[in-house]
1. Given Cβ point charges of +1 (Lys, Arg) and -1 (Asp, Glu) and nothing else, what value in debye, to the nearest 20, does the dipole of region 220-496 about its Cα centre take?
2. Using the number of other C-beta atoms within 10 angstrom as an exposure proxy, rank Ser321, Ser120 with the fewest first.
3. Taking only Cα atoms, what is the 0 to 90° angle, nearest 10, from helix 466-488's long axis to the longest principal axis of the chain?
4. For the chain, just give the cysteines left without a disulfide-compatible partner, judged by no other Cys Cβ under 4.7 Å.
5. What's the extension gain from Leu524 to Trp503 if we count 0.36 nm per residue and subtract their Cα-Cα distance?
6. What ranking, highest mean first, results for peptides 431-440, 61-70 when packing means the other Cβ atoms within 10 Å averaged over each residue?
7. D for region 475-546, whole µm²/s, Stokes-Einstein with Kirkwood Rh over alpha-carbon pairs at 20 °C and 1.002 mPa s: what number?
8. Sum up the charges of everything whose Cβ sits under 13 Å from the Cβ of Leu41, counting Lys and Arg as +1 and Asp and Glu as -1, but leave Leu41 out.
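We did not get these values from a lab; they are worked out from the coordinates using the rules stated. Given the structure is predicted, the values throughout are model-derived calculations rather than measurements. As a convention, Cβ positions derive from the backbone with ideal geometry for all residues, glycine included, and neighbour counts pool all protein chains shown.
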Amino acid sequence: MMRASARVLTLPLEALEARRGHLFPFVPICLAVGIGLYFALPREPAPGEWAALAVAVPALAILALRGPEPARILATAMAVMLAGVGLAGQRAHVVAAPVLDRHFYGAIEGRIVVIDRSQSDAPRLTLDRVVLEGMEPAQTPARVRVAMHGTQGFIEPEAGLRVILTGHLSPPPGPVEPGGFDFRRLAWFQGLGAVGYTRTPVLAFAPPRPDGLRQAITRLRLAISGAVQARMAPETGAFAAAILTGDRAGIDRATLEALRASNLAHLLAISGLHMGLLTGLVFAATRCGLALVPAVGLRLHGKKVAAVVALAAAAFYLALSGGNVATERAFIMVAVMLGAVLADRRAISLRSVALAATAILIMRPESLLEAGFQMSFAATAALVATFAWLRDEGAWQRLPRPLRPVTALFVCSVVAGLATAPVAAAQFNRLAEYGLLANLLSVPLMGSVVMPAALLAAALAPLGLASAGLWVMDLGIRWILWVARWVAGFEGAVTAVVQPPGWVLPAMALGAAFFVLWQGRARLTGVAVAVLAIAAWGQAERPLLLVADSGTLVGLLTPEGRVISKPSGEGFVARNWLEADGDPATQAAAHARPGFEGPAGARSFAAGGMQAVHLTGRGAAARLDDHCRPGVLVILGARAPEAGQARDCILFDAGLLGRSGTLALFADPGGGLRVSSAAGAAGLRPWTMPDRLGRSAPAVPVRLPADADARVAAGPVQ
């Protein structure tokens, strides 16, 4: 028996030892596990814990180099994982910047660094070098983002222009439900300390200054964007500007929705597809150009020269696009592959993909949580593995040459679609049912018409003949937009998907990665893990009751779907609740469902066997005593009078909700309701503590009994 147990323990070590020399692709996997562990922590590690980590990583590295043979690989994996924790923590503290800790209204001054559009389709400015009326510089956010409403048009926004306005600013909002997407974390790593809006005119305060290469490139980027849009139709010009310079400000909401519904929105992001097409075209054109001049082609290594030229083109494209995270990721991947060409190694392999992923995770650990990173590497790894398998099996060589491009297109679309579908469903709660059709009809045109025409326009621009290339681009983009609207118009084009538990997507990713990277029958373990994760996704539990942090919006889950307590207002929160339920209904339609009774301002309902009432509107606090009875749950969209007074009912008022964040209540099989708070789920992290001094974010207890003597009070997050 003991021998059998020992054998079970030694088998994994023997399997790892047999794979020695082929384990490098697992490095980014281990790094990602460590980064994911950091972001999953309920609180920020204490200084002593960071010190222990700083000792553990070198110790494990020494063990990996000099320890006993069976332990070396495991020590390496542990060292890389713990290094991932450290890298993520270091990055979180390096990017620390002031964050607004209260609502602000007043004069705002700043320099424009980004111009885009809000979810409501309003023009939006991101400002740096911010000055806020009456606020000390040490407390002023490094960057703020302001949506422009009301009467505007007094300035032509451009990078570097210093503007002044009067507006509302608030801290970046937290999750709309416990465990949901935390915008505060994204804003933290972007240096964004406040978001808001203005309804007053935005005025120029000082002209742009030539104060650095970054601003000069930004102005060039926006100048090219403006020139392209001026020479093309509004819709096609906005699309062309987005793929050439990353400027999406001209794309309207309807066009964006059509592209999303048809799974073509990825064409707007300057990412792997665009960078690959650009560098591939430049690489091929350079090699052909050198071959046409024998005196040069015979004396130079054409392949390596083409790689250098393509890398330079990619670097310029990165700078021109604004250097966003998606483009940086694409550039690193292209640079690794072109570097492999220069080093006489295979350009496209799982090792090169792993090297690119490792570089990105080291530089920007937070990118692991972004849909762009997840979808990009899921698609790339799946495609590389698939084509390697086709090559090794000889299937590719058996195809007639004329059929290979068509087959490659079909395989790319199917494999990339299948690899990215789970990520898209988990991140955006939707599946584009006809995305494969739309991509088959559009992506070939992107590579064979739109991008070559863009290069032609760039080459002819110094001669004043860019219009010829832009005209060809216009034709290709018109086709893509027509396909997007046509496919988006199909019945059932988009399927709503319920939000999975937080562990499901990482488990699926690890299972899929193990299946792709491992060799032998043991790789089927990865398939089993992914299948179990998908099964758990199908059994995902949604909250019976959701209560917004304002106290004025409630969502009750019924057999007909979630009922929203009001037909409009707080639309972002309501829409996210419905999307997480996998419910395509609008807020107004969800409000019309049965579930709430009684007059406006005092709606009653039943939840988990409990009677509840939702008090809102003027005089809501004054009506509290009329409804506060033993065993009744009262949700008050205002602060309760005489805070701290003992009451007979179970009370959630605006004061408690403001500290706890959105509440999610689940039916407890043992009776009553289980409560989870957004503050409790988010934990004590740098992005959840506005004062940066470790102040705890209050949260309600994790269990709410349904008896008459229950009390609910805020307490510190554990």
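1. On the way: 21 positive and 13 negative charges, 164 e Å.
Its charge dipole is roughly 780 debye.
2. Working: Ser321 26, Ser120 12.
The order, fewest Cβ neighbours first, is Ser120, Ser321.
3. For helix 466-488, the angle is close to 50 degrees.
4. Those would be Cys30, Cys288, Cys412, since no other cysteine Cβ in the chain comes under 4.7 Å of theirs.
5. Values: separation 21, 0.36 × 21 = 7.56 nm, distance 2.01 nm.
So the chain would gain 5.5 nm between Leu524 and Trp503.
6. Numbers: 431-440: 20.4, 61-70: 12.9.
Answer by packing, highest mean first, reads 431-440, 61-70.
7. Details: Rh = 15.3 Å.
Taking Rh from Cα pairs, D becomes 140 µm²/s.
8. On the way: positive: Arg43, Arg185, Arg685; negative: Glu44, Glu49.
Counting the neighbours of Leu41, the net charge comes to +1.
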